[in-house]
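Read through the structure below, which is laid out as C-alpha coordinates, and then see the notes.
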(Lines give C-alpha, C1' and ligand atoms only; values in the text may rest on other atoms or scores of the structure.)
Protein backbone atom coordinates (compact mmCIF):
# COMPACT_ATOMS: atom_id res chain seq x y z
CA UNK A 1 0.00 0.00 0.00
CA UNK A 2 2.04 2.97 -1.23
CA UNK A 3 2.30 6.01 1.05
CA UNK A 4 3.72 8.40 -1.54
CA UNK A 5 1.85 10.17 -4.28
CA UNK A 6 2.79 9.59 -7.90
CA UNK A 7 2.94 12.30 -10.54
CA UNK A 8 -0.71 11.76 -11.50
CA UNK A 9 -2.41 10.13 -8.48
CA UNK A 10 -2.59 10.41 -4.74
CA UNK A 11 -1.19 7.49 -2.75
CA UNK A 12 -3.36 4.48 -2.05
CA UNK A 13 -3.33 5.45 1.65
CA UNK A 14 -4.44 9.02 0.92
CA UNK A 15 -7.22 7.83 -1.38
CA UNK A 16 -8.44 5.21 1.09
CA UNK A 17 -8.39 7.70 3.97
CA UNK A 18 -10.19 10.36 1.90
CA UNK A 19 -13.13 8.08 1.10
CA UNK A 20 -13.16 6.45 4.56
CA UNK A 21 -13.36 9.92 6.13
CA UNK A 22 -16.31 10.76 3.88
CA UNK A 23 -18.13 7.64 5.06
CA UNK A 24 -17.29 8.44 8.69
CA UNK A 25 -18.49 12.04 8.33
CA UNK A 26 -21.76 10.83 6.79
CA UNK A 27 -22.16 8.44 9.74
CA UNK A 28 -21.36 11.20 12.27
CA UNK A 29 -23.97 13.49 10.72
CA UNK A 30 -26.49 10.65 10.40
CA UNK A 31 -26.12 9.78 14.09
CA UNK A 32 -26.81 13.30 15.27
CA UNK A 33 -29.65 13.87 12.80
CA UNK A 34 -31.32 10.54 13.65
CA UNK A 35 -31.06 10.87 17.44
CA UNK A 36 -34.41 12.66 17.37
CA UNK A 37 -36.24 9.44 16.50
CA UNK A 38 -35.50 8.22 20.03
CA UNK A 39 -37.06 9.79 23.13
CA UNK A 40 -34.73 11.79 25.41
CA UNK A 41 -33.12 9.59 28.02
CA UNK A 42 -33.79 6.36 26.12
CA UNK A 43 -31.15 3.69 25.57
CA UNK A 44 -31.46 4.14 21.79
CA UNK A 45 -30.76 7.86 22.00
CA UNK A 46 -27.80 7.27 24.33
CA UNK A 47 -26.39 4.64 21.97
CA UNK A 48 -26.68 6.87 18.90
CA UNK A 49 -25.08 9.81 20.75
CA UNK A 50 -22.21 7.58 21.88
CA UNK A 51 -21.75 6.39 18.29
CA UNK A 52 -21.64 10.07 17.24
CA UNK A 53 -18.90 10.74 19.80
CA UNK A 54 -16.88 7.66 18.89
CA UNK A 55 -17.10 8.22 15.13
CA UNK A 56 -16.23 11.90 15.56
CA UNK A 57 -13.14 11.00 17.56
CA UNK A 58 -12.24 8.41 14.92
CA UNK A 59 -12.26 11.26 12.39
CA UNK A 60 -9.97 13.19 14.74
CA UNK A 61 -7.47 10.31 14.91
CA UNK A 62 -7.55 9.61 11.17
CA UNK A 63 -7.17 13.26 10.15
CA UNK A 64 -3.67 13.22 11.66
CA UNK A 65 -2.83 10.11 9.64
CA UNK A 66 -4.12 11.92 6.53
CA UNK A 67 -1.97 14.94 7.27
CA UNK A 68 1.04 12.68 7.76
CA UNK A 69 0.39 10.88 4.47
CA UNK A 70 -0.08 14.24 2.76
CA UNK A 71 3.27 15.47 4.10
CA UNK A 72 5.17 12.61 2.47
CA UNK A 73 5.17 14.21 -0.94
CA UNK A 74 3.75 16.82 -3.19
CA UNK A 75 0.22 16.62 -4.50
CA UNK A 76 -0.11 15.25 -8.03
CA UNK A 77 -0.31 18.00 -10.59
CA UNK A 78 -3.65 19.08 -11.98
CA UNK A 79 -3.61 18.95 -15.76
CA UNK A 80 -4.29 21.29 -17.39
CA UNK A 81 -2.98 23.66 -14.72
CA UNK A 82 -5.82 25.67 -13.15
CA UNK A 83 -5.71 29.45 -12.80
CA UNK A 84 -3.92 30.68 -9.66
CA UNK A 85 -7.19 31.88 -8.10
CA UNK A 86 -8.58 28.32 -8.29
CA UNK A 87 -5.42 26.89 -6.76
CA UNK A 88 -5.71 29.44 -3.94
CA UNK A 89 -9.37 28.56 -3.31
CA UNK A 90 -8.50 24.85 -3.31
CA UNK A 91 -5.82 25.41 -0.64
CA UNK A 92 -8.26 27.48 1.38
CA UNK A 93 -10.94 24.77 1.11
CA UNK A 94 -8.56 21.98 2.09
CA UNK A 95 -7.31 24.02 5.05
CA UNK A 96 -10.90 24.68 6.17
CA UNK A 97 -11.80 20.99 5.86
CA UNK A 98 -8.77 19.89 7.89
CA UNK A 99 -9.48 22.54 10.52
CA UNK A 100 -13.11 21.35 10.62
CA UNK A 101 -12.07 17.69 11.10
CA UNK A 102 -9.77 18.70 13.97
CA UNK A 103 -11.92 21.32 15.71
CA UNK A 104 -15.27 19.51 15.71
CA UNK A 105 -14.16 16.43 17.67
CA UNK A 106 -12.27 18.62 20.16
CA UNK A 107 -15.38 20.76 20.65
CA UNK A 108 -17.50 17.63 21.10
CA UNK A 109 -15.07 16.25 23.69
CA UNK A 110 -15.03 19.61 25.49
CA UNK A 111 -18.85 19.73 25.52
CA UNK A 112 -19.13 16.23 26.93
CA UNK A 113 -16.47 17.01 29.55
CA UNK A 114 -18.17 20.28 30.55
CA UNK A 115 -21.44 18.36 30.92
CA UNK A 116 -19.64 16.11 33.40
CA UNK A 117 -19.83 12.97 31.25
CA UNK A 118 -17.04 10.56 30.46
CA UNK A 119 -16.19 10.00 26.80
CA UNK A 120 -15.69 6.41 25.70
CA UNK A 121 -13.48 5.72 22.70
CA UNK A 122 -13.55 2.06 21.66
CA UNK A 123 -13.76 0.93 25.29
CA UNK A 124 -11.24 3.44 26.65
CA UNK A 125 -12.42 6.11 29.08
CA UNK A 126 -10.92 9.37 27.88
CA UNK A 127 -10.04 12.01 30.45
CA UNK A 128 -12.30 14.99 31.00
CA UNK A 129 -10.76 18.04 29.34
CA UNK A 130 -12.45 20.62 31.58
CA UNK A 131 -14.30 20.72 34.87
CA UNK A 132 -18.07 20.38 34.84
CA UNK A 133 -19.68 23.67 33.78
CA UNK A 134 -23.14 23.44 32.20
CA UNK A 135 -23.12 27.06 30.98
CA UNK A 136 -19.76 26.57 29.25
CA UNK A 137 -21.08 23.32 27.72
CA UNK A 138 -24.05 25.21 26.24
CA UNK A 139 -21.77 27.87 24.74
CA UNK A 140 -19.52 25.21 23.24
CA UNK A 141 -22.54 23.34 21.89
CA UNK A 142 -23.69 26.49 20.08
CA UNK A 143 -20.29 26.66 18.38
CA UNK A 144 -20.34 22.93 17.64
CA UNK A 145 -23.76 23.21 15.96
CA UNK A 146 -22.70 26.28 13.96
CA UNK A 147 -19.49 24.63 12.78
CA UNK A 148 -21.45 21.46 11.99
CA UNK A 149 -23.65 23.50 9.64
CA UNK A 150 -20.58 25.11 8.10
CA UNK A 151 -19.19 21.59 7.67
CA UNK A 152 -22.23 20.53 5.62
CA UNK A 153 -21.50 23.42 3.26
CA UNK A 154 -17.75 22.80 3.11
CA UNK A 155 -18.22 19.14 2.27
CA UNK A 156 -20.90 19.94 -0.30
CA UNK A 157 -18.80 22.65 -1.97
CA UNK A 158 -15.79 20.34 -2.00
CA UNK A 159 -17.83 17.63 -3.75
CA UNK A 160 -19.31 20.13 -6.22
CA UNK A 161 -15.83 21.47 -7.02
CA UNK A 162 -14.64 17.94 -7.79
CA UNK A 163 -17.61 17.32 -10.08
CA UNK A 164 -17.19 20.75 -11.71
CA UNK A 165 -13.56 19.98 -12.51
CA UNK A 166 -14.39 16.51 -13.79
CA UNK A 167 -17.42 17.26 -15.97
CA UNK A 168 -17.06 20.91 -16.96
CA UNK A 169 -13.37 21.80 -16.83
CA UNK A 170 -12.42 18.22 -17.75
CA UNK A 171 -9.13 18.22 -15.88
CA UNK A 172 -7.75 15.41 -13.72
CA UNK A 173 -8.66 16.88 -10.31
CA UNK A 174 -11.16 14.16 -9.41
CA UNK A 175 -9.25 11.35 -11.17
CA UNK A 176 -6.28 11.91 -8.83
CA UNK A 177 -8.42 10.89 -5.84
CA UNK A 178 -10.47 8.04 -7.34
CA UNK A 179 -9.54 4.43 -6.50
CA UNK A 180 -7.80 2.49 -9.26
CA UNK A 181 -9.94 0.28 -11.42
CA UNK A 182 -9.10 -3.25 -12.44
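Brief remarks follow.
- Residue match in region 99-106 (condition: under 15 Å from the mean Cα position of the chain (by Cα) and over 24 Å from residue 48 (Cα atoms)): yes
- Residues that are more than 30 Å from residue 76 (Cα to Cα) and either under 18 Å from the mean Cα position of the chain (by Cα) or not in a loop (DSSP other than H, G, I, E, B) (or both), drawn from region 1-38: 29, 30, 31, 32, 33, 34, 35, 36, 37
- Any hit, region 39-51, residues being surrounded by 13 or more Cβ atoms within 10 Å (Cβ to Cβ), touching a residue at least 60 places away in the same chain (Cβ under 8 Å), within 14 Å of the chain's Cα centre (by Cα) and not in a loop (DSSP other than H, G, I, E, B): no
- Selection of region 22-38 for residues being out of contact with any helix residue (DSSP H, G or I) (no Cβ under 6 Å at 6 or more places or on another chain) and surrounded by 16 or more Cβ atoms within 10 Å (Cβ to Cβ) yields 25, 29.
- The residues on offer are 178, 146, 168, 126, and the sole one that is surrounded by fewer than 15 Cβ atoms within 10 Å (Cβ to Cβ) and over 27 Å from residue 106 (Cα atoms) is 168.
- Only one entry in 128, 168 is modelled with pLDDT of 95 or more and out of contact with any strand residue (DSSP E or B) (no Cβ under 9 Å at 6 or more places or on another chain), namely 168.
- The residues of region 90-125 that are in contact with a strand residue (DSSP E or B) (Cβ under 7 Å, 6 or more places away or on another chain), at pLDDT 95 or above and under 24 Å from residue 66 (Cα atoms) amount to a single one, 109.
- Residue in region 53-68 that is assigned to a helix (DSSP H, G or I), under 25 Å from residue 23 (Cβ atoms), modelled with pLDDT under 95 and over 20 Å from the mean Cα position of the chain (by Cα) present: no
The values are calculated or read from the model by the stated rules, or taken from the named source; none is laboratory data. All of these numbers come straight from a predicted model, not from anything done at the bench. So basically every Cβ, Gly included, is an ideal-geometry build from the backbone, and we count neighbours across all protein chains shown.
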